[in-house]
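Worksheet: the structure to be examined is printed underneath.
The values are calculated or read from the model by the stated rules, or taken from the named source; none is laboratory data. Just so it is clear, the model here is predicted, and its values are computed rather than measured. Cβ placement follows ideal geometry from the backbone for every residue including glycine, while neighbour counts extend to all protein chains displayed. Just the protein is used for accessible areas: all its heavy atoms, side chains included, with ligands, DNA and RNA removed. Shrake-Rupley method; radii C 1.70, N 1.55, O 1.52, S 1.80 Å.
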Amino acid sequence: QADPNQPEAWYNLALLESGLGDKQSAVDSFRHSIALDPEFADSRNALGAVLAETGQVREAEAQFRGALSIRPALPAAHAYLAYLLANRGDLGEAVWHFERAGDGAFNQFNYGITLARMNRVAEARTHLERSLQADAAQPLAHEVLGGLLEAEGKMPEAVAHYQEAIRLRPDFGKAHLDLGALLARQG
């Protein structure tokens, strides 16, 4: 109220509104922030994230690309855009953005999944391992890595990852099934 022309204030308000679940107010506040400062890459990126959450994928993509046109090395925008592109099936471009998205567990996991979908198994394994190095408490990453290792014939390592997935999430049916099937094949 004291100075309504501060784009950072509108950005911070939008972050609070989004965190409280008021996505439409957040979108409006992010837009106001961007209207005051069209070069505010973080606001464009955050707006893209909220738009993606609310199913407005085309406009979200435009905001991520807008943020990257302002700050080409913004890892969060690369990560969001990579995830959006991978979900849409644009795997080649998704990989390009994942390469610039940073080493966080979530980014590395999704990068690995995308590479696996492209049958780039060795590279996929590398990124899933990086994901687990960043955060070892990911049952799904252990299960997927177990499957890749099993496909490569590395049975003891696959068993260990399936077991870790089950230890982390005892009700993980697919990990139980995969482990049981592998053990049955081994006799």
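For a test of the definition: using alpha carbon positions, the gyration tensor, and the 1.5 limit on a/c, classify the stretch 92-156 as rounded, prolate or oblate. Note, shape of the stretch 92-156 comes out oblate.
Accessible area per residue for the stretch 1-134 is 51 Å², calculated with a 1.4 Å probe on protein heavy atoms, without ligands, DNA or RNA. Scalar couplings 3J(HN,Hα) for the stretch 15-31, obtained by applying the Karplus form with A = 6.51, B = -1.76, C = 1.60 to θ = phi - 60°, are 4, 5, 4, 5, x, 8, x, 8, 5, 5, 5, 4, 4, 4, 5, 4, 4 Hz; x denotes Gly and Pro. Apolar share of the accessible surface for the chain: 54 percent from carbon plus sulfur atoms, 1.4 Å probe. Across q = 0.12 Å⁻¹, the chain modelled as identical point scatterers on its alpha-carbon atoms has Debye log10 I(q)/I(0) values of -0.67, in the order of the q list. About the centre of its Cα atoms, the stretch 1-148 shows a dipole size close to 480 debye [charges on the beta carbon of Lys, Arg (+1) and Asp, Glu (-1) only; nearest 20 debye]. Taking label points 7 Å from Cα along the Cα-to-Cβ direction, N12 and K154 give a separation of 4.7 nm.
Ranking A76, G19, F109 by how far each Cα lies toward the positive end of the dipole of the chain (charges on Cβ) leaves F109 at the top. For D171 and S69, the difference between the fully extended length at 0.36 nm per residue and the C-alpha to C-alpha distance is 32.3 nm. Our note on the geometry: Cα centres of the stretch 146-181 and the stretch 1-73, 41 Å apart. From the Kirkwood radius over Cα pairs of the stretch 26-94, Stokes-Einstein at 25 °C and 0.890 mPa s returns a whole-number translational diffusion coefficient of 209 µm²/s. Using the alpha carbons alone, the radius of gyration of the stretch 55-115 stands to its Kirkwood radius in an Rg to Rh ratio of 0.94. Projecting label points 7 angstrom from Cα along Cα→Cβ for N119 and L20 puts them 5.2 nm apart.
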